[in-house]
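Structure, as structure tokens:
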Amino acid sequence: MFGGLKALRDVDLRISGTGITALIGPNGAGKTTLFNVISGFGTPYIGTIRFAGQDLTGLPAHRVARAGVVRTFQTPSGFPSMTVAENVAVAVAGSHLDKPWTPFLRWREDRRVRAEAHAAAWQQLEAAGIANLGDTSLSDLSPGDAKLVEILRQLALEPRMLLLDEPAAAMTVNQIEVLSGIIRDIAANGVGVLVIDHNLSFVLELAETVHVLEFGAVMASGTPEQISKDPNVERIYLGGGEESDVA
């Protein structure tokens, strides 16, 4: 709740652990709030969040990530003064250096992990089709390219479920094509994807299942074809229904 306003109301969703699922709705529908609750950046007053049989309700974000649920944000993060390849390599190496090595063994382990992470970063960039950005500083990227890199950084955490918050925003048509390819490859490798986006053509071409939020509640669910023909969805997007103040 925000100042007495219910951000989410009896949301009951079953998201597939494989494939691509989309969550759409007008501004203020509660989409990002739902992402926050799922990923540990917010705590529900009531209800339960379960993933792969594990109760995630109320867990902090780092524990949710360790359980396999990782998210991106609308504004990408990272290290602006470092190159794209270095940013991805840091994410790859991070979890492997968090061990109680002795000083000498840690020095050797650091060198090994850093070398492997650098190679893995370039492999990820090649696979995503953006290796040309590898030596570019993160601060010099366009907003769209920065979002592509952010997704690769989160993939380095080896999630089982990836939540993407407005990934296509501020992207060009070509960048959206690259993004769609990356997301399809993620799903093909057995990682579930839940995506929020206002770009309906992008969402309806990409997702297998679509859920529609309005005023914090699920008002429609179905295939992209079913959703595109739903009169209530048409009302929301073409009729300009009222919107709350909750993100």
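The values are calculated or read from the model by the stated rules, or taken from the named source; none is laboratory data. Please read all numbers here as calculations on a predicted model, not as lab measurements. Methodologically, a virtual Cβ is constructed for each residue, glycine included, from the backbone with ideal geometry; neighbour enumeration extends over all protein chains shown.
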One residue from Leu23, Leu56 being at pLDDT 90 or above, surrounded by 19 or more Cβ atoms within 10 Å (Cβ to Cβ) and over 25 Å from Leu179 (Cα atoms): Leu56
Residue check for Leu157: in contact with a strand residue (DSSP E or B) (Cβ under 6 Å, 6 or more places away or on another chain), under 25 Å from Val212 (Cβ atoms) and surrounded by 14 or more Cβ atoms within 10 Å (Cβ to Cβ): no
Residue match in region 99-106 (condition: of a type in the set (Ser, Thr, Tyr), at pLDDT 90 or above and outside any helix (DSSP H, G or I)): no
Flag for Glu177 being within 26 Å of Pro224 (Cβ to Cβ), out of contact with any Asp or Glu (no Cβ under 7 Å at 6 or more places or on another chain) and free of Cβ contacts under 8 Å to residues at least 24 places away in the same chain: yes
Val64, sole failed condition from (1) touching a Gly at 6+ places or on another chain (Cβ under 6 Å); (2) modelled with pLDDT under 90; (3) crowded, with 18+ Cβ neighbours inside 10 Å: (2)
Some residue of region 195-205 being closer than 30 Å to Arg50 by Cβ and hydroxyl-bearing (Ser, Thr, Tyr): no
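Okay, residues lined up against (1) more than 12 Å from Ile24 (Cα to Cα); (2) modelled with pLDDT of 80 or more; (3) assigned by TED's automatic domain parsing to the domain that holds Val191:
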position: Glu208; (1), (2), (3): yes, yes, yes
position: His211; (1), (2), (3): no, yes, yes
position: Met219; (1), (2), (3): no, yes, yes
position: Pro224; (1), (2), (3): no, yes, yes
position: Ile227; (1), (2), (3): no, yes, yes
position: Asn232; (1), (2), (3): yes, yes, yes
position: Tyr237; (1), (2), (3): no, no, yes
position: Gly241; (1), (2), (3): yes, no, yes
position: Asp245; (1), (2), (3): yes, no, yes
In region 46-86, the residues that are acidic (Asp, Glu) and in a loop (DSSP other than H, G, I, E, B): none
Every residue from region 113-122 that is touching a helix residue (DSSP H, G or I) at 6+ places or on another chain (Cβ under 9 Å) and either more than 19 Å from Ser81 (Cβ to Cβ) or surrounded by 19 or more Cβ atoms within 10 Å (Cβ to Cβ) (or both): Val113, Glu116, Ala117, Ala119, Ala120, Ala121, Trp122
Lone unmet requirement of (1) within 22 Å of Gly192 (Cβ to Cβ); (2) modelled with pLDDT of 95 or more; (3) not in a loop (DSSP other than H, G, I, E, B) for Gln154: (2)
Filter result for Val173 (outside the structural domain of Glu86 (by TED's automatic domain parsing), among the β-branched types (Val, Ile, Thr) and either crowded, with 16+ Cβ neighbours inside 10 Å or under 23 Å from Arg14 (Cα atoms) (or both)): no
